[in-house]
1. Which far-off residues, 5 or more places away or on another chain, put their amide H under 5 Å from the one on ARG74, with H placed in the peptide plane?
2. In sequence order, what are the phi-derived ³J(HN,Hα) couplings for segment 193-200 according to the Karplus relation 6.51 cos²θ - 1.76 cosθ + 1.60 with θ = phi - 60°, rounded to whole Hz, with x for glycine and proline?
3. Using just the helices of the chain, give the 222 nm mean residue ellipticity in deg cm²/dmol: DSSP H runs with n ≥ 4 each add -39,500 (n - 2.57), and the total is spread over all residues, rounded to 500.
4. Charges only on Cβ, +1 for Lys and Arg, -1 for Asp and Glu: so what's the dipole of the chain about the Cα centre, in debye to the nearest 20?
5. Using the alpha carbon gyration tensor of the chain, what are the three equivalent-ellipsoid semi-axes (square root of 5 times each eigenvalue), largest first, in whole Å?
6. Using a Cα-Cα cut-off of under 23 Å, which lysines could be cross-linked to LYS203, ignoring same-chain neighbours fewer than 8 residues away?
7. Using a Gaussian network for the chain with springs between C-alpha atoms less than 10 Å apart, which of these wobbles most: ARG116, ARG99, ARG74?
8. Could you give each residue of segment 62-70 its phi-based ³J(HN,Hα) in whole Hz, using Karplus coefficients 6.51, -1.76, 1.60 with θ = phi - 60°, and x for Gly or Pro?
Amino acid sequence: MQCRLYLITPPAFDLESFPALLDKTLAAGDVACLQLRLKQADETPVADNLILQAAEKLLPIAHKHDVSLLINDRADLALTAGADGVHIGQADTPYAEARQILGQDAIIGVTCHDSRHLAMVAGEEGADYIAFGAFFPTSTKTPSTQAGLDLLTWWQETTELPCVAIGGITTENAPTLIKAGADFIAVSGGVWGYEHGPEEAVKTFNALFLSSDES
């Protein structure tokens, strides 16, 4: 399976101008899914109504480009927004409860940090994907764990459940993660802060995926 881009929104954005930028960015190349992750400067969540307003604006754009929209942390808001699923951390709603809220058709991914045990548990419970990280220093959050490349390789050899690599990923350091076995590369700052613009970032990531697949 060729690695694909898992795009995360900036932690804060202007609701008037960002949708147009997102539209152009998603049109630039293949993106598997978009995670709506809004946080304040101290990493605490923004108000529920702001998340729902953002989801209402972004959902039609994501679906226009055949991209799934996931809400970060909150299964209840994902349900209200009509999103395609939720991404939950270890301190959020437990997987079983999130599945009960969203139903069998929703996409539910689980952060497993650098833990093989947490990843196996999430897989056995029925998660649609698990996320390992952080692999590199990141400006969008303070990572609690440092994951090694061997984690991705071990996971590929152990199970067919997709894994997402997350944390400080850029076009420069992504190839090592792709080679190690990541099914998806989760990127926020590496796209939105890319020196040539987010559209070029999407094109560059897709070129990396393609060249890795051919090698």
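1. Excluding prolines and chain starts, which carry no amide H, the hits are HIS87.
2. x, 4, 4, 9, x, x, 4, 5
3. Values: 9 runs with 90 residues, N = 215.
Helix contribution divided over all residues of the chain: -12500 deg cm²/dmol.
4. 200 debye
5. Numbers: eigenvalues 109, 96, 50 Å².
Working through the eigenvalues yields semi-axes of 23, 22, 16 Å.
6. Candidates past the 8-residue exclusion: LYS24, LYS64, LYS179.
7. Top of the fluctuation ranking is ARG116.
8. With coefficients 6.51, -1.76 and 1.60, one gets 4, 5, 4, 9, 6, 10, 6, 9, 10 Hz.
Every number here is computed from the coordinates shown, using simple stated rules; none is lab data. Because the structure is predicted, anything quoted here is derived from the model rather than measured. Ideal geometry is used to build each Cβ from the backbone, glycine not excepted, and the neighbour counts take in all protein chains shown.
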